[in-house]
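First the structure, in the form of structure tokens, and then the observations on it.
FYI, it's all coordinate maths here, none of it is from the lab. Since we're looking at a predicted model, the values are computed, not measured. Cβ placement follows ideal geometry from the backbone for every residue including glycine, while neighbour counts extend to all protein chains displayed.
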Amino acid sequence: MKKKLMVVDDSRMMELQICKLLEDSAFEVAAYCENGEDAIVRYQEIHPDIVTMDIIMPGIDGLETAKIILEEHPEARIVMLSSLVCEDTINEAGSIGAKTFLNKPVTRENLLQALETALG
């Protein structure tokens, strides 16, 4: 059985890219959310095995969304994804409880490695 992934990103193109990169892998995209508010609700419904979370989104940003999800579901496995690469942001993501941080653009190899790391 494939691991369920929830993609949280305000760019539909990112969700489509992740779907393509995960073809013939142990993961499948089970849900897509365009913003943090939707992600908080959908996580409760879907209980994905892992979440990829963009940082910069309208409304609640990815860091705050991850914090809320992890407060309600400490077992959640979240991989932060961003083109905004700053040591402070990476450190904040880690302190919130994100399992790993992945720079955009993503490749199949680094996406699968990040997902495995988060599950490990």
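Below is a table of values for the structure above.
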quantity	calculated
Euclidean distance of C-alpha centroids, the range 6-31 and the range 35-62, integer Å	13 Å
Contour excess over end-to-end distance, with Cα ends at Glu87 and Gln113 and 0.36 nm allotted per residue	7.3 nm
Burial order of peptide ranges 41-50, 75-84, 104-113 (average beta-carbon count within 10 Å, highest first)	75-84, 41-50, 104-113
Built amide H within the under 5 Å cut-off of Leu81, gap 5+	Met53, Asp54, Ile55, Leu102
In Hz, Karplus ³J(HN,Hα) per residue of the range 56-70 (6.51, -1.76, 1.60; θ = phi - 60°; x = Gly, Pro)	8, 9, x, x, 6, 6, x, 5, 5, 4, 4, 4, 5, 4, 5
Cα lying deepest toward the dipole's positive end in the chain, options Asn91, Cys19, Tyr43, charges on Cβ	Cys19
Cross-link table Lys67/Lys99; Lys3/Lys99; Lys67/Lys104, entries beyond 19 Å C-alpha to C-alpha	Lys67/Lys104
